[in-house]
Amino acid sequence: MVDLSVFETLESEVRSYCRDWPTVFNRASGSRMWDTDGVAYVDFFAGAGALNYGHNFPALTDALVEYLRDDGIIHSLDMSTVAKERFLQVFDEKILRPRGLNYKVQFPGPTGTNSVEAALKLARKVKGREQIVSFTNAFHGMTLGSLAVTGNAMKRRGAGVPLSHTTSLPYCNFLEEGSSIGLLEALLSDGGSGLDQPAAVIVETVQGEGGINVASWNWLRRLSELCAENDILLIVDDVQMGCGRTGTFFSFERAGIQPDIVCLSKSISGFGLPMALTLMKPELDVWNPGEHNGTFRGNNAAFVTAAVTLDQFWSDNSFEGEIEEKGSLVSRSLASIAGRHPDLGVDTRGRGMAVGLVFDDPRLSSAVCKEAFSSGLLVESAGPAGEVVKLMPALTIDNDDLLEGLTILANCVDRVAEFESAHPMMRAK
Ligand code: PMP
């Protein structure tokens, strides 16, 4: 039996994931985690998108250990270091140039919300306007600027101060297909709409925390066009859906758009080390030196693993093919689970390796996640009521682990369905 008393006594009530997975984790490798009792778990959570290449990918561990052994520099604020130089060169060579993208790279603080704060601040400075348009069910982070463009009411209440200078509009499919983009267009074109001219629109191409809501390519293209027509900057928050999660390095590539600003974090280090980037078109780089700074902007250990990751996985497009294959296996498997349980009110949606099993009744998704943990599978729920079982396995997961996790999940849904049919009254509560 694991002993959780030190966490329950000393750690703040704010802790959350550990409540869903009440054990003490000890080791991890690839798509497996083990607790102190030696129980193995298949990891379909992957650090909420921070572990796209799994745990402790050997080439990354080796590079990091070698760097540490050689007395490589760990902390350097934004000084120029060999590790940063190498990362910038590889990022340009493997990611930006092959995609015809021309961005300057800002290193904000090391987390996703740091990248979003930098993006919002920069957009407001460039345009000299306050207003930012965001979307329903968006998630952009927990600091005040990011929270102001986040949809979730519970998270917003935590701010304790008014969250202002932002307008939330319907995301693709929040209303009827296509109508939300028409609404934005109407608001922008009518001087009586009451919408102050925005500096920027911030969007996720697939909303991860919001419940795997997928924006269509067409909707994203129209959004990009509307921004350009109205002198508004387009910020794509690729913190969770970037680094290959949806099938391409950047999640917006197949829409054929080039956002003005891009936020990246989570899996950019490849190893789960804190690191974030804010990419901006060169003409937007109007920062004065030091105008936006911070102590932890140069995580050299992360630069080392990031450079190896880009080299290893993104030198050609074979990895994209692998993601597509695995993603369609996951989607097919979820569709078959949903098809077996027509009475359960369950559907699927997703893009690439970000896939959701969507329940009408959030109690069921919660029961499935709980059952999954008891059966050795880590999956989390997402969406405004937690109604989506969200699958984000490592992109490098091998077929055995993937199939094992999917089988566990299918069995869990079967057991929840059995329980439901035996206790029909429970569902109405
Ligand atoms: N943007 C998106 C799209 C995210 O999913 C997240 C984290 N879930 C963030 C921003 C915030 O990142 P962090 O938790 O590292 O601050």
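The values are calculated or read from the model by the stated rules, or taken from the named source; none is laboratory data. Given the structure is predicted, the values throughout are model-derived calculations rather than measurements. In this analysis, Cβ positions are derived from the backbone assuming ideal geometry, glycine residues included, and neighbour counts consider all displayed protein chains. We work out accessible area using only protein heavy atoms, side chains counted, and drop any ligands, DNA or RNA first. Shrake-Rupley method; radii C 1.70, N 1.55, O 1.52, S 1.80 Å.
Per DSSP H run of at least 4 residues, take -39500 (n - 2.57); add these up for the chain, divide by its residues and hand me the 222 nm value, nearest 500 deg cm²/dmol.
Mean residue ellipticity at 222 nm (helix-derived): -11500 deg cm²/dmol.
Summarise the accessible area of the chain (1.4 Å probe, protein heavy atoms) by the percent that is carbon and sulfur.
52 percent
Looking only at Arg69, Arg32, Arg245, which one moves most when the chain is put into a Gaussian network model with springs between Cα atoms under 10 Å?
Top of the fluctuation ranking is Arg69.
Nearest 5 is fine: what % of DSSP beta bridges in the chain come out antiparallel, could you say?
65 percent
Can you tell which of Val24, Gly208, Ala417 lies farthest toward the positive end of the dipole of the chain, using +1 and -1 charges on the Cβ of basic and acidic side chains (Lys, Arg; Asp, Glu)?
Of the options given, the answer is Gly208.
Describe numerically, in nm with one decimal, the distance between label points set 7 Å from Cα along Cα→Cβ at Arg363 and at Gln197.
5.3 nm
Relative to the Cα centre, what is the charge dipole magnitude of the chain, using +1 at the beta carbon of each Lys and Arg, -1 at the beta carbon of each Asp and Glu, and rounding to the nearest 20 debye?
So the dipole magnitude of the chain works out to roughly 640 debye.
Keeping every protein chain in place, order Arg86, Arg99 by accessible area at 1.4 Å, biggest value first, i.e. largest first.
Arg86, Arg99
How compact and how long is the chain, expressed as Rg and Dmax of its alpha-carbon atoms in Å?
When restricted to the Cα atoms of the chain, Rg and Dmax are 21.6, 66 Å.
What FRET efficiency comes out for Ser179 versus Arg69 if R0 is 45 angstrom and r is the Cβ-Cβ distance? Round to the nearest 0.05.
Step by step, r from the Cβ atoms, then E = 0.15.
Cut-off 10 angstrom, C-alpha nodes, Gaussian network model of the chain. Which of Gly256, Gly47, Gly194 fluctuates the most?
So, out of Gly256, Gly47, Gly194, the one fluctuating most is Gly194.
If I model a spin label at Asn317 and Lys155 as a point 7 Å from the Cα along the Cα→Cβ vector, what separation in nanometres do I get?
Distance between the two pseudo-spin positions: 3.3 nm.
Any chance you could list P(r) for the stretch 142-201, counting all Cα-Cα pairs in 10 angstrom bins from zero, rounded to whole %?
Calculated P(r), rounded to whole percents: 20, 42, 33, 5.
Normalise the Debye intensity by I(0) for the stretch 72-313, one equal point scatterer per Cα, no solvent, then take log10 at q = 0.12, 0.14, 0.17, 0.18 Å⁻¹ and round to two decimals.
-0.65, -0.89, -1.31, -1.45
Among Glu93, Glu11, Glu209, which one shows the biggest mean-square fluctuation in a GNM of the chain, springs joining Cα atoms closer than 10 Å?
Glu11
Restricting to the stretch 72-313, compute how many DSSP beta bridges are antiparallel as a %, nearest 5.
45 percent
Consider all pairwise Cα distances in the stretch 258-370 and report the whole-number % of them above 21 Å.
It works out to 61 percent of all Cα pairs.
Taking the alpha-carbon distance from Lys281 and a cut-off under 19 Å, which lysines remain once sequence neighbours fewer than 8 residues away in the same chain are dropped?
Counting by Cα, and skipping residues close in sequence, Lys281 has these lysines nearby: Lys94, Lys104, Lys121, Lys125, Lys127.
In square angstrom, what is the accessible area per residue of the chain with a 1.4 angstrom probe?
Accessible area per residue, the chain: 44 Å².
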